[in-house]
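Q: I have a structure I would like to understand better, so I am pasting it below and will then ask my questions one at a time.
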Amino acid sequence: MSYIPVIGLEIHAELLTQSKIFCSCSAEFGGEQNSRCCPGCSSMPGTLPVLNKTAVKYAIKAGLAMNCEINKFSVFDRKNYFYPDLPKAYQVSQLEFPLCINGYVPIHVDGKEKKIRLNRIHLEEDAGKLIHDDFNAVSLVDLNRGGIPLIEIVTEPDINSAEEAKAFVEQVSLLLQYTGVCSCKMEQGALRCDVNISLMKPEDTEFGTRVEIKNLNSLKSIGRAIEYEIKRQSRMLDNGERIIQETRRFNDNRGETKSMRNKEDAHDYRYFPDPDIPQVNLTDEDLEAIRAELPEMPDKRLERYINEYGLSETDAQIIVNQKLISDFYDETVKNYNNPISVSNFITVELLRRVNLGEVSMDNLPFSAKEFASLIEMADTDKVSKNDAKKILRLMVETGKSPEDIAKENGFLIVNDISKADEIISTVLAENAAVVEQYKNGETKVFGFLMGQCTKKLKGVCTPQVIKETLEAKLK
Amino acid sequence: MNITNLKLREMRDLLDKKSISAIELTQEYLNRINKFDDKIQSYITVTEDLAMDSAKKAQEKIDNGNTNPLCGIPISIKDNICTNGIKTTCASKSLENFIPPYNATVVDKLDSQNAVMLGKTNLDEFAIGATTQSSVFAKTKNPFDLSKVPGGSSGGSAASVSASLCAASIASDTGGSLRQPAALCGVTGLKPTYGRVSRHGLVAIASSMDQIGAIAKDAHDCAFILNTIAGFDCNDATSSKAEVIDFTSKIGESIKGLKIAIPKEFYDSNIGINSEVKNSVLAAAEKYKKMGAELVECCLPSLKYAVATYLILSSAEAASNLSRIDGIKYGHRSTRGENFNELIINSRTEGFGDEVKRRILLGNFVLSIEQYDDYYKKALALRQRFITEYADIFEKCDVILTPTTLSTAARTDENISTPFKTYLDNICTVSSDIASLPAISTTCGYDSNGMPIGMSIIGKKFDEATIVQVADAFEKSFNAVSPELI
Amino acid sequence: MKNAKLFNTLNKIAIFYKSEVLKLDLKMISHLSNLSKLSFTDNELEKLSSDMSSIIEIVDIIKEVDIVYNPLSDNKNVNINDLREDVAKESMATEKILMNAINSDNCFVVPKVVE
């Protein structure tokens, strides 16, 4: 029996603010246990939340990047439940008036474009962390992460395959990176994904029973979990079994989802507007000011690279896929207006150095201007293409400028015509027999003569000059 | 003349004139506490050493030409206000050993003026109640009659002022918790406009109504204190940026032509008002009339919904605010519990008293998904209605005069088994909390047993200066009685 | 006529039973206790059911009122620019955070949580 998977995702993204959402403790990742806490985020009696302006701004930026409508009147609500990582026993979230509603993210799968609609993006606070100590049969609670601002991105059930789900998460990750609001490092838990999945037959008018899958820590596990779940539910439905609405946990090692011990019956979160947090208002001007802070987004850049710069789709995609690369690319082109050449040098040479782990894009020891300079030097034959690669490696190692490196290592092609003339004359004299052959019509020996000249003239002038001079002399 | 009978501002004068020393003054109070508080039980914690230390520091400041109004003044603080390094129990077993590592903003403000904290006063557990009898540590008595309750939840604060066991007290009001005990104990209690005083450090019950205020011998003293504790606090997003003026500035100004509203619902026998109380307040109204004020009849039609609205909003917020009390981060932790769920259930069940439990259950009921629209959401709408109805009254009037309570202090053994029968007794005070308005209660008479009767003057938002002025106008010619302590 | 009499009798019986029906029955109290993380003995539950029902009767008066909540009228007009600047400040020392709690390895301790 063939079923249609109906999938909705809930993505939680940690925002890159300096301080937590409701207090001034540092929002940095890590740190000694409970070293980034205060009476507020450790929920002592008498403490009150004070909302972080930048957290709100960042949530709005994320919404704008994903084509959402922004609510100019927004309310924070309490979601009440008990869990050891939630010190207040309620999480501040947003129910009826989230910061962002509707919206969509276009994805490309199998050459087709599809818009995945968003239901909402709202702002909420992260919980602390539990460290399980099996030996002592206790769990330890670290509240450093408690109070870090999160946005929750909720899709409509528009996704129909594991591929689409992964493409969506990748695209969201890209967009968030561009807005600068989230590091999207899934391995650090900066981006987390829950999957809601049900199956339906093509002729069904209603969705099937939904199962929630939690604990997906990488793009790969998202894919694997969905595939496993599709198989599991299909098998059950084929056997006439009913799908139980539940939460399942993905086991990475086994590649299986497993029912989570029934915590309790369905939670009644008893949402109500948080009386400690005044509603947030935005004017149109405020919204425009925030929108103006957004950089050019990946889809626009892709368009520009392909249409204006003439890059291939593949190359354009490689550059666009990391904001740091794209920014660096644009900056380089500003300094040396040869987009295709710059593109080649980045995608082939620079990224090779990056992939070898010699350097990272967020820590380049040279400027875009210097990089541009290097490419220009190669293009104008001031250095040979081969030597340009070497210069880049040395730039990575030493941080020196390409000009300095070229000078120090004798990579500069001086194009001393008179010297070239002299040496070529010598070569011709030494190979008089071959010259005769050439003059008698054996043009293929030109290659041999080129080779001899090139050997002797390495670094003295460019191949172009050698060729021209040689040709002239042979006439 | 016993200096402890003086008004706070008179003490200020004597201190600055060096007629008495801060140390003498504090010692005087500590002696009185030692002598009388066994019977009255207004304090949970007396901070003797700290007080003497503070008094010494205060004296240094005075010697160097002090200008701070509260320097060296001995003050008690309700034990639901966090004091760094000093137990803050909320009169509950669940927090019996909780030592906050930080000060409430009001405490910082008092400290910065070198006020002297004598100790933490008793209250109903978590400020939920109207008798102070639900405290697990002590049963505070009314200094006017030790067989009677001091009111609540700020019973300890009111009793400590009434019995002159402090010059003034910092207390909190959610539905009348500050004004009602002030009235029953024959002293003056000022609840400011919601947002006037920072709630940072006040253990929250009803976040949308809780306010810190002052209980003192008279309105002038209350305003004196408000000058220090009022103001926007960046730690409290609900605190107001409204300008902090000198709240004593209108004292002594004539109230001729001032319009005093008399809302008929507050005086209707339907609500169960005792005739002595009613007559006493109406007599005060007549006095105001003689002073040249104009009495204006008006109504607050929604008054009959006030208690229900208050109970729904406050219990819901309290239930949510008290969820953090689980023994894990602080407070009483049960020794029984195989897993997290069992452990917190046991800790909370062992730590909370009956009334607190009832309030939590009620709160979760009105917030539960099936009931939310009919109860909590409706109460939110009713709050808006109260705000509108009060605004309508204030279109025509400057202040509103109502009784503070329906009767004078009850006996300590009344209503023990069914305390919730007294919920409706709060009807006179709750609506000003719901509408976020400032209100001051002052003594307007005594019943046939000599028990104090209080009247409340409710003002426009942020108009504490006028209600202080009006209360003071009455107090000037009223012979307030101090309780006789044996 | 006969039907009217029957109807009246049935009505009287219904009223009698209605007054005996608690607004908050044991099932509801149990559910609320669970939400509240409180436990009660069977005796306590019975008394609670009766007490809570009385309390609900007090608050039920608001059902008379036909009114709709408008969140916008609670708007305090706080603008995004009025909010707290995003500046990290020094946190409180870990010892102070933990000083009121049972703790180990700089953490709060709970019985092992099975996820």
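The values are calculated or read from the model by the stated rules, or taken from the named source; none is laboratory data. Just so it is clear, the structure is predicted and the values come from calculations on it, not from any experiment. When we count neighbours, we look across all protein chains shown, and the Cβ atoms used for this are built from the backbone with ideal geometry, even at glycine.
Q: Of all residues in region A:10-26, which are facing another protein chain (nearest Cβ under 7 Å) and crowded, with 24+ Cβ neighbours inside 10 Å? Lay out the reasoning, then the answer.
A: Taking region A:10-26 and keeping what is facing another protein chain (nearest Cβ under 7 Å), we get A:17-19, A:24-26.
Listed by number, the residues that qualify are A:Ser19, A:Cys25.
Q: What number of residues within region A:350-378 are touching a residue at least 24 places away in the same chain (Cβ under 8 Å) and farther than 15 Å from A:Ser326 by Cα?
A: 12
Q: Working carefully through the options B:Thr26, B:Thr45, find the one that is touching a residue at least 60 places away in the same chain (Cβ under 8 Å) and not in a helix (DSSP H, G or I).
A: Working: B:Thr26 fails: not in a helix (DSSP H, G or I).
Being touching a residue at least 60 places away in the same chain (Cβ under 8 Å) and not in a helix (DSSP H, G or I) holds for just one of B:Thr26, B:Thr45, which is B:Thr45.
Q: Of all the residues that make up region B:207-229, how many are farther than 30 Å from A:Arg78 by Cα and of a type outside the set (Lys, Arg)?
A: First, the residues of region B:207-229 that are farther than 30 Å from A:Arg78 by Cα: B:214-228.
Going one step further and asking which of them are of a type outside the set (Lys, Arg), we end up with B:214-216, B:218-228.
Residues flagged as farther than 30 Å from A:Arg78 by Cα and of a type outside the set (Lys, Arg) within region B:207-229 amount to 14.
Q: Taking B:Leu406 and the conditions (1) within 14 Å of chain A (Cβ to nearest Cβ); (2) surrounded by fewer than 20 Cβ atoms within 10 Å (Cβ to Cβ), which numbered condition does it fall short on, given that it satisfies the others?
A: Condition (1) is where B:Leu406 drops out.
Q: Please tell me if A:Asp110 is farther than 30 Å from B:Phe340 by Cα, surrounded by fewer than 23 Cβ atoms within 10 Å (Cβ to Cβ) and either touching a residue at least 40 places away in the same chain (Cβ under 8 Å) or more than 9 Å from every other protein chain (Cβ to nearest Cβ) (or both). If you could, list the steps in order and put the result at the bottom.
A: Numbers: farther than 30 Å from B:Phe340 by Cα: yes; surrounded by fewer than 23 Cβ atoms within 10 Å (Cβ to Cβ): yes; either touching a residue at least 40 places away in the same chain (Cβ under 8 Å) or more than 9 Å from every other protein chain (Cβ to nearest Cβ) (or both): yes.
So A:Asp110 passes the test.
Q: Can you tell me which condition C:Ser53 does not meet? The list is (1) within 8 Å of chain B (Cβ to nearest Cβ); (2) within 25 Å of the chain's Cα centre (by Cα); (3) surrounded by fewer than 20 Cβ atoms within 10 Å (Cβ to Cβ), and all the others hold.
A: The one condition C:Ser53 does not meet is (1).
Q: Right, next: Consider region B:271-318. How many of its residues are within 14 Å of another protein chain (Cβ to nearest Cβ) and not β-branched (Val, Ile, Thr)?
A: 16
Q: If you check C:Glu90, C:Glu95, which single one turns out to be in a helix (DSSP H, G or I) and either exposed (fewer than 15 other Cβ atoms within 10 Å of the Cβ) or among the aromatic types (Phe, Trp, Tyr) (or both)? So that I can check it myself, show each step before the final result.
A: On the way: C:Glu90 fails: in a helix (DSSP H, G or I).
None of the others qualify; the one that does is C:Glu95.
Q: Ok, one more. If we scan region B:329-349, do we find a residue that is within 9 Å of another protein chain (Cβ to nearest Cβ), of a type in the set (Phe, Trp, Tyr) and either assigned to a strand (DSSP E or B) or within 29 Å of B:Thr442 (Cβ to Cβ) (or both)?
A: Checked against the condition, which is being within 9 Å of another protein chain (Cβ to nearest Cβ), of a type in the set (Phe, Trp, Tyr) and either assigned to a strand (DSSP E or B) or within 29 Å of B:Thr442 (Cβ to Cβ) (or both), region B:329-349 yields no hits at all.
Q: Right, here's the next one. Evaluate the following for B:Lys78: is it under 30 Å from B:Asn321 (Cβ atoms), of a type in the set (D, E, K, R), in contact (Cβ under 8 Å) with a residue 40 or more places away in the chain and touching a helix residue (DSSP H, G or I) at 6+ places or on another chain (Cβ under 7 Å)?
A: Details: under 30 Å from B:Asn321 (Cβ atoms): yes; of a type in the set (D, E, K, R): yes; in contact (Cβ under 8 Å) with a residue 40 or more places away in the chain: yes; touching a helix residue (DSSP H, G or I) at 6+ places or on another chain (Cβ under 7 Å): yes.
The answer is yes for B:Lys78.
Q: Follow-up. Right, B:Ala284: within 25 Å of B:Leu8 (Cβ to Cβ) and of a type in the set (Gly, Ala, Ser) or not?
A: Values: within 25 Å of B:Leu8 (Cβ to Cβ): yes; of a type in the set (Gly, Ala, Ser): yes.
Criteria met by B:Ala284.
Q: Let me spell it out: the conditions are (1) away from every other protein chain (no Cβ under 14 Å); (2) under 23 Å from the mean Cα position of the chain (by Cα); (3) more than 28 Å from B:Ser164 (Cα to Cα); (4) small (Gly, Ala, Ser), and B:Ser249 meets all of them except one. Which number is the exception?
A: Status for B:Ser249: all satisfied but (3).
Q: A further question follows. Given the conditions (1) small (Gly, Ala, Ser); (2) more than 22 Å from the chain's Cα centre (by Cα); (3) buried (at least 18 other Cβ atoms within 10 Å of the Cβ), which single one is not true for A:Ala368?
A: Here A:Ala368 meets the rest and fails (2).
Q: Looking for whichever is under 30 Å from B:Arg385 (Cα atoms) and either facing chain B (nearest Cβ under 7 Å) or touching a His at 6+ places or on another chain (Cβ under 6 Å) (or both) here; the options are C:Ile62, C:Ile80, C:Ile102. Which one fits? Even if it seems obvious, please write down each step before you answer.
A: Details: C:Ile80 fails: either facing chain B (nearest Cβ under 7 Å) or touching a His at 6+ places or on another chain (Cβ under 6 Å) (or both); C:Ile102 fails: under 30 Å from B:Arg385 (Cα atoms).
Testing whether each residue is under 30 Å from B:Arg385 (Cα atoms) and either facing chain B (nearest Cβ under 7 Å) or touching a His at 6+ places or on another chain (Cβ under 6 Å) (or both) leaves just C:Ile62.
Q: Would you say A:Pro339 is surrounded by 12 or more Cβ atoms within 10 Å (Cβ to Cβ), outside the structural domain of A:Leu392 (by TED's automatic domain parsing), free of Cβ contacts under 8 Å to residues at least 40 places away in the same chain and not polar (S, T, N, Q)?
A: Details: surrounded by 12 or more Cβ atoms within 10 Å (Cβ to Cβ): yes; outside the structural domain of A:Leu392 (by TED's automatic domain parsing): no; free of Cβ contacts under 8 Å to residues at least 40 places away in the same chain: yes; not polar (S, T, N, Q): yes.
Taking the combined requirement at face value, the residue does not satisfy it.
Q: Sticking with this one: Looking for whichever is within 25 Å of C:Asn77 (Cβ to Cβ) and either modelled with pLDDT under 95 or assigned by TED's automatic domain parsing to the domain that holds A:Ile277 (or both) here; the options are A:Lys88, A:Lys79, A:Lys61, A:Lys115. Which one fits?
A: Details: A:Lys88 fails: within 25 Å of C:Asn77 (Cβ to Cβ); A:Lys79 fails: within 25 Å of C:Asn77 (Cβ to Cβ); A:Lys115 fails: within 25 Å of C:Asn77 (Cβ to Cβ).
Going through A:Lys88, A:Lys79, A:Lys61, A:Lys115 in turn, just one is within 25 Å of C:Asn77 (Cβ to Cβ) and either modelled with pLDDT under 95 or assigned by TED's automatic domain parsing to the domain that holds A:Ile277 (or both): A:Lys61.
Q: Filter region B:437-486 down to the residues that are surrounded by fewer than 24 Cβ atoms within 10 Å (Cβ to Cβ), among the polar types (S, T, N, Q) and closer than 27 Å to B:Cys397 by Cα and list them by number.
A: If the condition is that a residue be surrounded by fewer than 24 Cβ atoms within 10 Å (Cβ to Cβ), among the polar types (S, T, N, Q) and closer than 27 Å to B:Cys397 by Cα, then B:Thr466, B:Ser477 are the ones that fit.
Q: Please give the number of the condition A:Pro295 fails out of (1) within 15 Å of the chain's Cα centre (by Cα); (2) assigned to a helix (DSSP H, G or I).
A: (2)
Q: Can you name every residue in region A:131-149 that is surrounded by 18 or more Cβ atoms within 10 Å (Cβ to Cβ) and part of a strand (DSSP E or B)?
A: Residues of region A:131-149 that are surrounded by 18 or more Cβ atoms within 10 Å (Cβ to Cβ), as a first pass: A:138-149.
Selection gives A:Val138, A:Ser139, A:Leu140, A:Val141, A:Asp142, A:Pro149.
Q: Moving on. Go over the candidates B:Leu485, B:Leu437 one by one and state the one that is assigned to a loop (DSSP other than H, G, I, E, B), in contact (Cβ under 8 Å) with a residue 24 or more places away in the chain and over 21 Å from B:Thr193 (Cα atoms).
A: Values: B:Leu437 fails: over 21 Å from B:Thr193 (Cα atoms).
Within the list B:Leu485, B:Leu437, the selection yields B:Leu485.
Q: Which numbered condition in (1) within 14 Å of chain A (Cβ to nearest Cβ); (2) crowded, with 20+ Cβ neighbours inside 10 Å; (3) part of a loop (DSSP other than H, G, I, E, B); (4) not charged (D, E, K, R) is the only one that B:Ile255 fails?
A: Against the list (1) within 14 Å of chain A (Cβ to nearest Cβ); (2) crowded, with 20+ Cβ neighbours inside 10 Å; (3) part of a loop (DSSP other than H, G, I, E, B); (4) not charged (D, E, K, R), B:Ile255 comes up short only on (1).
Q: Then there's this: Given the conditions (1) within 12 Å of chain B (Cβ to nearest Cβ); (2) part of a loop (DSSP other than H, G, I, E, B); (3) within 30 Å of the chain's Cα centre (by Cα), report the number of the one that A:Cys41 does not fulfil.
A: So A:Cys41 meets the others, but not (3).
Q: Shifting gears a bit: Just wondering, is there one or more residues in region A:76-94 that are surrounded by fewer than 23 Cβ atoms within 10 Å (Cβ to Cβ), in contact with a helix residue (DSSP H, G or I) (Cβ under 7 Å, 6 or more places away or on another chain), aromatic (Phe, Trp, Tyr) and within 9 Å of chain B (Cβ to nearest Cβ)?
A: yes
Q: Any chance region A:404-418 includes a residue that's charged (D, E, K, R) and in contact with a helix residue (DSSP H, G or I) (Cβ under 8 Å, 6 or more places away or on another chain)? Spell out how you get there, then give the answer.
A: Applying the first criterion (charged (D, E, K, R)) to region A:404-418 yields A:404, A:407-408, A:416.
After this cut, where a residue has to be in contact with a helix residue (DSSP H, G or I) (Cβ under 8 Å, 6 or more places away or on another chain) as well, the list is none.
There is no residue in region A:404-418 that is charged (D, E, K, R) and in contact with a helix residue (DSSP H, G or I) (Cβ under 8 Å, 6 or more places away or on another chain).
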